[in-house]
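Since the structure comes first, as structure tokens, the remarks are kept for the end.
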Number of protein chains: 2
Amino acid sequence: MIRINIALLGLGTVGQGVYELWLRHRERLREKVGVDLEIKKILVRDISKRRNIGVPDEKITVNFEEICQDRDISIVCELMGGIEPAKTYIRRLLEAGKQVVTANKAVLAEYGGEIFELATKRGAYLGFEASVGGGIPVIKILREALIGNRVESILGIINGTTNYILTRMLENNLSFERALEEAKQRGYAEADPTLDLTGLDSAHKISILASLAFGVFIPSHRIYVEGINEIDLMDLKFAKQFGYIVKLLAEARESRKGFEIRVYPALLPENHILTSIRLNYNAIYIKGDFVGDVLLYGLGAGKEPTASAVMSDIVSAVEYLRFNKFPLIKYPLREDKDLRLVSVKDSVFRYYFRFSVVDRPGVLSKISGVLGNHGISISSVVQIGRQIRKGAVPIVMLTHETREEQVVKALEEIDQLDIVKAKTKRLRIFE
Amino acid sequence: MIRINIALLGLGTVGQGVYELWLRHRERLREKVGVDLEIKKILVRDISKRRNIGVPDEKITVNFEEICQDRDISIVCELMGGIEPAKTYIRRLLEAGKQVVTANKAVLAEYGGEIFELATKRGAYLGFEASVGGGIPVIKILREALIGNRVESILGIINGTTNYILTRMLENNLSFERALEEAKQRGYAEADPTLDLTGLDSAHKISILASLAFGVFIPSHRIYVEGINEIDLMDLKFAKQFGYIVKLLAEARESRKGFEIRVYPALLPENHILTSIRLNYNAIYIKGDFVGDVLLYGLGAGKEPTASAVMSDIVSAVEYLRFNKFPLIKYPLREDKDLRLVSVKDSVFRYYFRFSVVDRPGVLSKISGVLGNHGISISSVVQIGRQIRKGAVPIVMLTHETREEQVVKALEEIDQLDIVKAKTKRLRIFE
């Protein structure tokens, strides 16, 4: 039986998961693909670090060149995370003729253009199933299964940390801070959760998905991002009163105006299937012109699901390798600076506003007057009597469809009023 | 650019869908895969039949040999349905060295063993994504994306007709007959809906999925099947009162006892995500030892979704063809007569019973006495007073876990009692 040698860069959570999967399923994989996979080398930073998964010493190295220059190693999995040295390693490996598998969304979302180009030029396989959606095989589905479709839109909940926090806040009446603390304790949030909370992690992922769907690389820095840092339990509850659940959405759609790609917390109508995605689960909705709606749901992160995705890519790499074959399906083209990305300011949404105002007659009429002047029309209002918060009471409104630019102007004006005690909360409604 | 010639067998709904997809996306596919696909020939039964999709006359033939013996045709899609001549054609095509794509679940579910074996022997690609779940790429996911997993279980709603009927009955208070009539009018049920209603269509599909998951062909005739023909609106409503929704489930799991593969209508707890799968949608839940739970959801049938699946297989066939490469991932092995399939009689479920009894004191105690004698313990009972139905009133019970064999014996005895006016309705509860 032919043996194929693999190396891993990194032995953190994902690396350990891949190693464990390999240990458990090596025999099964031999039966299924008729090839023996061997994890020959693993690059680590600190060789003295104790690891409990029983990797033999001779597999461990701190020297990247030992892997890159080993002609017996055909497939290398980059599982380190972070931009550097991961990006340089991926380039070096492709140049050295390796098949490369990576779980690195940050590198792909920022440098995907040059990396896809390099892989194409070298006729190499570049697998990145683990970069989005953990074990959910969304990359394979977009690249291969839906190839007969024009993808019209993608809508996803693709960050487990924020979905966990939003779910726990609403269902268990927790403040943002308490829910975040709990997420950290349960291992659903990292010590520094900034990337998740600010929406950047979702932006990385939707950048990759949009690039696959539309065939051209769209770097994450060109994507509008809004996180959940400023979400208040009160807003989740008001939204629920109106029949909506707040979710952090990642969206990519092609419209007549151009490409609309963005990450933002939004009010989803309760009967939308994505509102049933709770806790740390992820889900991705894809609409294709032939397939219609397809929804994929599963664990979007974690050691075992991510290892499952990496192994799927390893087997694809073996397929390509085994027959000296380069991938037929093209990678996204290089970034197109002229690509028509629709600014969020030019987009139209319905809105949720929560004003913090003094409890005095005439306030509602003043606010609605300003909104009217900017052409914003109101569909429902809830005004609640005296609150515990000293002096300020909330007025909550839902609007009809409005261009975002108008909303920004109106809220600037409203927040200047002396009857307004705090910055107005604004959330978009997803219809 | 290299051109690859394709033929279609059949120009019914699916054939037309594939032709339309090809017309619309030929250029897009050239860009994506660098190969020009040409539908060169289409086999039809009746050449005089008028078709509105503008297929040029010279592409149409009634002679299978014209396709099978044409060395310029590399990929043939069997889209005729039915066992014969489809099965013979698939065999002939594989023997002639063609790459074969089929949407034929009936042929695969009964003769998959020999067909997979033939494809393996000939080193041919056999695509069958369209045989299960319409546009939902469940075959690719089981075969490729989850290859690093031991699949523990599959649970699906994989028949749109029955799901449509069950949804409409409960939500719109329709009788089975009226819901079926409506499904026919909307094109969700065929003129002869027997295959769907009896659960056989679901059995075909779970046979294919189980064969992929467990690596050995399990023909549909070895699978326990129960359809929805005897479902009464009353039962859907009682179930709902207890917090359950009735769905036609297809299930395949590996347990210590062996393989449990079956199709049956079951009460699903309302908080189970599959209860949110409404109307003609399908969903498939897969549990793998590394990936955890993955759910796939979409349109399980229809012209366009099925065409999307066929095109995905065509592109895979092109990949294999283009590099003289046979599929690395093995097809399921030939049927194993000694495979331990657990009989439903030996399985343990909780149950829903609806007894039709005379409205007289002592009835409940008589029935529960018989159940007790068979070791069946009751978890809840609803007894409803006088009903419109002459003389008979329903008693509805949910039981604790019981071996099915006990239930069969107990109900036989109960149905003999003179206080019992009609055959007892029995449904399993899925936990």
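Hey, what number do you get for the protein assembly as shown at 222 nm if only DSSP H runs of n ≥ 4 count, each worth -39500 (n - 2.57), divided across all residues, to the nearest 500? Numbers along the way, then the final one.
Numbers: 24 runs with 298 residues, N = 862.
Value at 222 nm, helices only: -11000 deg cm²/dmol.
With Cβ to Cβ distances under 12 Å as the rule, what net charge do the other residues near B:Lys237 carry (K, R +1; D, E -1)? Could the numbers behind the result be given before it?
On the way: positive: B:Lys240, B:Arg354; negative: B:Glu171, B:Asp232, B:Asp235.
Around B:Lys237, the surrounding residues sum to -1.
How many Cβ atoms of partner chains, on average, are near each residue of A:148-158 if near means within 10 Å of its Cβ?
On the way: counts 19, 11, 3, 0, 0, 0, 0, 0, 0, 0, 0.
Across A:148-158, the average partner-chain Cβ count within 10 Å equals 3.
Of B:Ala213, B:Ser175, B:Thr161, whose Cα points farthest to the positive end of the dipole of region B:103-262 (charges on the beta-carbon: +1 Lys, Arg; -1 Asp, Glu; origin at the Cα centre)?
B:Ala213
Quick one: if you stick a label point 7 Å off each Cα along the C-beta vector at B:Glu31 and B:Glu412, how many nm between them?
In this crude label model, B:Glu31 to B:Glu412 measures out at 6.7 nm.
Report for chain A the percent antiparallel among DSSP-assigned beta bridges with both residues inside it, nearest 5.
Numbers: 51 of 78 bridges.
If I count the DSSP bridges inside chain A, around 65 percent turn out antiparallel.
Nearest 5 is fine: what % of DSSP beta bridges in region B:140-299 come out antiparallel, could you say? Mind showing how you got there, number by number?
On the way: 30 of 32 bridges.
So the antiparallel bridges amount to about 95 percent of the total.
Taking all pairs of different Cα atoms in the protein assembly as shown, averaging 1/r and flipping that mean, what Kirkwood radius in angstroms comes out? Could the numbers behind the result be given before it?
Working: mean 1/r = 0.0340 Å⁻¹.
Taking the inverse mean of 1/r over all distinct Cα pairs, the protein assembly as shown comes out at 29.4 Å.
Output the relative contact order of chain B, whole-number percent, from Cα pairs under 8 angstrom with separation of 6+ residues. Please list the in-between numbers first.
Details: 874 pairs, mean separation 72.2, N = 431.
About 17 percent, as a whole number.
For chain A, what D do you get in µm² per second when you plug the Kirkwood radius from alpha-carbon pairs into Stokes-Einstein at 25 °C and 0.890 mPa s? Can you show the working numbers first?
Numbers: Rh = 23.4 Å.
Translational D for this selection: 105 µm²/s.
Could you let me know the centre-to-centre spacing of region A:157-176 and region B:305-381, using Cα atoms, in angstrom?
The distance from the Cα centre of region A:157-176 to that of region B:305-381 comes to 35 Å.
Using alpha-carbon positions, what is the distance between the centroids of region A:248-295 and region A:403-420, in Å?
Answer, in whole Å: 28.
Report, ordered by chain and residue number, the aspartates and glutamates lying within cross-link reach of A:Lys240, taken as a straight Cα distance under 16 Å and ignoring same-chain residues fewer than 8 apart.
A:Glu171, A:Asp232, A:Glu270, A:Glu431
Would you work out the charge dipole size for chain B about its Cα centre, treating the Cβ of every Lys and Arg as +1 and the Cβ of every Asp and Glu as -1, and quote it to the nearest 20 debye? Write out the running numbers ahead of the final one.
Working: 61 positive and 55 negative charges, 72 e Å.
Dipole size: approximately 340 debye.
Give me the net charge for the shell around B:Ser347: Cβ to Cβ below 12 angstrom, other residues only, Lys and Arg +1, Asp and Glu -1.
Net local charge, B:Ser347 excluded: +1.
Provide a whole-number value for the mean count of partner chain Cβ atoms within 10 Å of the Cβ atoms in peptide B:21-34. Working shown, then result.
Numbers: counts 4, 1, 0, 5, 6, 0, 0, 5, 3, 0, 3, 7, 5, 3.
Mean shielding count: 3.
Considering amide H positions built from the backbone, and no H for Pro or chain starts, which residues 5 or more places from A:Lys421, or on another chain, come under 5 Å of its amide H?
Under 5 Å from the amide H of A:Lys421: A:Ser356, A:Val357, A:Val358.
Using only the Cα atoms, what convex hull volume per residue in Å³ does region B:344-429 have? Present the calculation step by step, with values, prior to reporting the outcome.
Working: hull volume 7.1 nm³, N = 86.
Looking at region B:344-429, the number lands at 82 Å³ per residue.
If you place +1 on the Cβ of every Lys and Arg and -1 on the Cβ of every Asp and Glu, how big does the dipole about the Cα centre of region B:344-429 come out, in debye to the nearest 20?
Working: 15 positive and 9 negative charges, 85 e Å.
Charge dipole of region B:344-429: 400 debye, to the nearest 20.
How large is the convex hull of the Cα atoms of region B:237-351 per residue, expressed in Å³ as a whole number?
167 Å³
What is the spin-label model distance, in nm, from B:Met234 to A:Thr194 if the labels are put 7 Å beyond Cα along the C-beta direction?
That separation, rounded to one decimal, is 6.6 nm.
Kirkwood Rh over alpha-carbon pairs of region A:140-299, then Stokes-Einstein at 37 °C and 0.692 mPa s: what D in µm² s⁻¹, rounded to an integer?
Numbers: Rh = 16.0 Å.
Reported coefficient: 205 µm²/s.
Mind checking A:297-307 for the average number of partner chain beta-carbons within 10 Å of each residue's beta-carbon?
Values: counts 8, 9, 4, 0, 0, 3, 1, 7, 7, 2, 4.
What the average comes to for A:297-307 is 4.
Could you sort the peptides A:76-85, A:154-163, B:293-302, A:52-61 by per-residue average Cβ neighbour count (10 Å cutoff), highest mean leading?
Values: A:76-85: 19.6, A:154-163: 26.8, B:293-302: 23.0, A:52-61: 11.2.
In decreasing order of mean packing, A:76-85, A:154-163, B:293-302, A:52-61 become A:154-163, B:293-302, A:76-85, A:52-61.
How long is the gain from A:Leu364 to A:Asp72 if the chain were fully straight, where each residue apart is worth 0.36 nm and the alpha carbon distance is subtracted? Before the final figure, lay out each step's value.
Numbers: separation 292, 0.36 × 292 = 105.12 nm, distance 7.34 nm.
Value of the extension gain: 97.8 nm.
In nm, give the distance between the simple-model label positions of A:Glu177 and B:Arg403, each being 7 Å from the Cα along the Cα-to-Cβ direction.
Roughly 5.9 nm, to one decimal.
Give me the percent relative contact order of region B:157-211, please, defined on Cα pairs under 8 angstrom at least 6 residues apart. Spell out each step's value before the answer.
Values: 33 pairs, mean separation 20.2, N = 55.
Answer for region B:157-211 is 37 percent.
As a test, work out the antiparallel percent of DSSP beta bridges whose residues both lie in the protein assembly as shown, rounded to the nearest 5. Write down the numbers at each step before the final one.
On the way: 107 of 161 bridges.
Given both bridge residues lie in the protein assembly as shown, the antiparallel proportion sits at roughly 65 percent.
Can you classify region B:79-165 as rounded, prolate or oblate using the Cα gyration tensor, where a ≥ b ≥ c are the square roots of its eigenvalues, rounded means a/c under 1.5, and otherwise it's prolate if a/b beats b/c and oblate if not?
Working: a/c = 2.31, a/b = 1.31, b/c = 1.77.
Because a/c hits 1.5 or more and a/b fails to exceed b/c, region B:79-165 counts as oblate.
Which of the helices in chain B meet the span-like rule: DSSP H, Cα axial reach of 24 Å or more, Kyte-Doolittle mean at least -1.0?
Long hydrophobic helices here: B:13-33, B:303-322.
Would you mind counting up the charge near A:Asp36? Only other residues with Cβ under 9 Å from its Cβ, with Lys and Arg at +1 and Asp and Glu at -1.
Result for the neighbourhood of A:Asp36: +2.
Where a number appears in this text, it was derived from the coordinates with a stated rule and is not lab data. In this text the structure is predicted, and so the values were computed from the model without any measurement. Cβ sites come from the backbone with ideal geometry, for glycine too, and all protein chains shown count toward neighbours.
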